[in-house]
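Here's the structure, in structure tokens; my notes come after.
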């Protein structure tokens, strides 16, 4: 388990890019991003140099970030469709309700079995898979972890829902690490979520 947490920490330091939050950490040293160009002007370096893996005290700063971490990505498990979404729904060929069963069948799961892996009320889950309610991003992420989806499966669901992984989100970085590394052990998933104080995913 310690090896998994260490690997997650390395991944997080190389990908997390909420630069406003990073720059506010006590002891963070802002790198020089502007330098003279050969033509006499100014060239801008890659902002990725601001990430923790480029900091001399990166591990200490990560520990500080973890201590200050609070999960701010809470949402309800679903939202209601807008009027325009209701009008488009009968004609959509690439929606969560249509894409999900195809992905689940590739993992030998039904929508009923998948729903039982989440802490989502059954009545709301049924409406999501019928397309009368829209899953929030937290629900899609929890579903991916619970069902053992590949990163590509998750991207396909994200595309259907209009979501994407956000490297400024602690939650998104941790979940993407778990998916890319194919870590689906219940204990390891919850250990990684607990390490970064992620409490908002509706996963059992």
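Tally up the residues in segment 136-155 that are out of contact with any strand residue (DSSP E or B) (no Cβ under 8 Å at 6 or more places or on another chain) and under 12 Å from residue 104 (Cα atoms), please. So that I can check it myself, show each step before the final result.
Of all residues in segment 136-155, those out of contact with any strand residue (DSSP E or B) (no Cβ under 8 Å at 6 or more places or on another chain) come to 137-138, 140-141, 144, 147-155.
Those left that are additionally under 12 Å from residue 104 (Cα atoms): 144, 147-150, 153-154.
Residues meeting the conditions: 7.
Regarding segment 58-74, can at least one residue be identified that is in a loop (DSSP other than H, G, I, E, B), at pLDDT below 95, surrounded by 14 or more Cβ atoms within 10 Å (Cβ to Cβ) and touching a strand residue (DSSP E or B) at 6+ places or on another chain (Cβ under 9 Å)?
no
Pick out the one residue from 165, 149, 134 that is surrounded by 17 or more Cβ atoms within 10 Å (Cβ to Cβ) and in a strand (DSSP E or B).
Numbers: 165 fails: in a strand (DSSP E or B); 149 fails: in a strand (DSSP E or B).
Residue meeting the stated conditions: 134.
Quick one: in segment 30-52, which of the residues that are modelled with pLDDT of 85 or more and over 17 Å from residue 169 (Cα atoms) is surrounded by the fewest Cβ atoms within 10 Å (Cβ to Cβ)? Spell out the reasoning first.
The first filter runs over segment 30-52 and keeps only residues modelled with pLDDT of 85 or more, leaving 30-32, 46-52.
With the extra rule that they be over 17 Å from residue 169 (Cα atoms), the set shrinks to 30-32, 46, 49.
On the way: 30: 11, 31: 13, 32: 8, 46: 10, 49: 13.
The qualifying residue surrounded by the fewest Cβ atoms within 10 Å (Cβ to Cβ) is 32.
Among the listed residues 129, 174, identify the single one that is touching a residue at least 12 places away in the same chain (Cβ under 8 Å), within 16 Å of residue 8 (Cα to Cα), buried (at least 17 other Cβ atoms within 10 Å of the Cβ) and not assigned by TED's automatic domain parsing to the domain that holds residue 64.
It is 174.
The values are calculated or read from the model by the stated rules, or taken from the named source; none is laboratory data. Predicted model, so just to flag it, every value in this text is computed and none were measured. Using ideal geometry, Cβ is built from the backbone for each residue, glycine included, and neighbour counts are taken over all protein chains shown.
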